[in-house]
Amino acid sequence: MKPFQSLVVLLLAVALGVIASQFLGTEQLRQFGEVIYRYGGNDYRSTVPQVALMVLVGLLVLWLLWSLLASPFRAWGRYRRKQGRARLIDGIQAHEQGQWQRAEKLLDSAAEDKEVTAVAMVTAIRSAQARDDQAAVNQYLQRLAGEDATLHALLQAERLLVQERPVDAINLLDTATIQPLPPRGLWLRTEALARAERAHEAYGQLGALRKQKVLPDEAVAELETRLAAQSLLEAGDVNALAAQWEATPKALRSDPDVVSAYALRAVALDWDEPALLNIEQALDTRWDESLVTLYGQMPVDKLATRQANLQRWLANQPASPALLLALGRIATRQRQHSQAEDYLHRAIAAGAGPAAWEALGQLFVERGEPALAAQCFANALRQQRGDDSIALARADAVVTPLGPVVPERATVEEQSLMSQPLPVQPVRPLDRLDPVDPADPLVRDDRDAFGNPRLP
């Protein structure tokens, strides 16, 4: 109690005592009974109200004496707490400013106050971690374990996750002495379950995370998508995959990451038809370039059906690089080389990048044109490094430079004329000096910029 308050209480007690003494001095109070106290052969008589008043006055005097005796100790305690709070504030400020050693010293001193020991030790641990002093971290953790088991478990779980030991983190957070877990503990356990390949269990904690408002709504939605996709990838068999897909919210069944995870796991389990069907339904609902790329790369049959679907989507997405690349890959697998080359050149022009150059190089390898294949693979490496690609140059034709990016070769209708390549005429030897006869079959053939024979 503050000195001013003590003085007010004392004055009120004195006033009440004066008033009570006037009232207790009357003879009428004897009707409430008398108290006789005998000591040393003498009898002391008083009424019950008077005795009660004297007892109260005596207790008040004792309290005042105790307050006077204890006031220096209380003042010293207040001073120490004030200094401890000041060191705590200075330590936290030093930690935020990057003065790690100064922060540890101040926080270690502030931790002498039992009320702030846990907070001071947590910040000291983070300062020691910032300067990579594991010995100091372990020392502070031991002190924190004796003060606050929950905070100790949370910090230790963080360290275990950094060390890629999610199972140990789960076991630590499941300790009975720290249950129920605080919101941050729920988030750490969810992350540990996901890293331990137990995403289906982690997915079950999303409701608690939403209720506790541990993360923003956007972060929770992103976490839900990631856990849903991981749960599908972890399915052990076809039945588990189907059950997990049915448990997935409908809003996520068209998400590209979730659909990709389902398709990849279904193909791995030799369940090809549902994999293709779900990708097709997702693309009909919401267009996504990554899904189209996966659709063209999947190592499954039904090439004609996939090609028909890709051509159907091409009507609405004529400039999609992933779609053109997928068509080129499907045509290559069907050995439709001319059509595949057309799609791949258009994909390169649309910005498909190194993947399209690699696919074109693989096409030339299958066609027995290693020189062109090498140029395509070199362009893929150039684009991966961020450099510009170089126009293809055939050994038997003079090619006009096309610039860093290969333009779109032709429309689909024009490419259909090239489905059957013209026979290559013999080349006129360079050592023949006689005049050139236009009817001579050995006249040098005329080719376009891509090395294809021009129509007569």
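Can you give the charge dipole size of region 38-139 about its Cα centre, rounded to the nearest 20 debye, using +1 on the beta carbon of Lys and Arg and -1 on the beta carbon of Asp and Glu? Walk me through the intermediate numbers first.
Working: 14 positive and 10 negative charges, 91 e Å.
The calculation lands at about 440 debye.
Just check region 136-192 against the gyration tensor rule for me: Cα atoms, a ≥ b ≥ c as the square roots of the eigenvalues, rounded for a/c under 1.5, and otherwise prolate or oblate depending on whether a/b exceeds b/c. Because a/c hits 1.5 or more and a/b fails to exceed b/c, region 136-192 counts as oblate.
With the Cα gyration tensor of region 318-373 giving a ≥ b ≥ c as the square roots of its eigenvalues, does the rule (a/c under 1.5 for rounded; else a/b larger than b/c for prolate; else oblate) give rounded, prolate or oblate? Here region 318-373 falls in the oblate category. Packing order of peptides 218-225, 46-53, highest average first: 46-53, 218-225 (average count of other Cβ atoms within 10 Å over each peptide's residues).
Ordering Val167, Ala199, Leu155 by the projection of their Cα atoms onto the charge dipole of region 83-227, which places +1 on the Cβ of Lys and Arg and -1 on the Cβ of Asp and Glu, puts Leu155 at the extreme positive end. A Cβ-based charge dipole, computed about the Cα centre of region 95-143 with Lys and Arg at +1 and Asp and Glu at -1, lands at about 60 debye.
In this structure Ser389 has an accessible area near 10 Å², from a 1.4 Å probe over the protein heavy atoms.
In square nanometres and to one decimal, what's the mean projected area of the convex hull around the Cα atoms of region 175-316? Working shown, then result.
On the way: hull surface 38.3 nm².
That works out to 9.6 nm², a quarter of the Cα hull's surface.
Candidate cross-link partners of Lys250 among the lysines, defined by an alpha-carbon separation under 30 Å and a same-chain spacing of 8 or more, comprise Lys211, Lys213, Lys302. By the rule of a C-alpha distance below 28 Å, with chain neighbours fewer than 8 residues away ignored, the lysines paired with Lys114 are Lys2, Lys82, Lys105. First check a/c for region 223-306, with a ≥ b ≥ c the square roots of the eigenvalues of its C-alpha gyration tensor; if it is under 1.5, answer rounded, and if not, answer prolate when a/b is larger than b/c or oblate otherwise. Since a/c reaches 1.5 but b/c is at least a/b, the shape of region 223-306 is classed as oblate. Placing +1 on the Cβ of every Lys and Arg and -1 on the Cβ of every Asp and Glu, with no other charges, gives region 283-379 a dipole of roughly 220 debye about its Cα centre.
Taking GluC sites (Glu not before Pro) across region 108-209, the ones in a DSSP loop with at most 16 further Cβ atoms lying within 10 angstrom of their Cβ are Glu112, Glu115, Glu164, Glu197.
The values are calculated or read from the model by the stated rules, or taken from the named source; none is laboratory data. Everything quoted here is computed from the prediction, not taken from an experiment. Note that each Cβ is placed from the backbone with ideal geometry, even for glycine, and that neighbours are counted across all protein chains shown. Heavy atoms of the whole protein, side chains included, go into the accessibility calculation; ligands, DNA and RNA do not. Shrake-Rupley method; radii C 1.70, N 1.55, O 1.52, S 1.80 Å.
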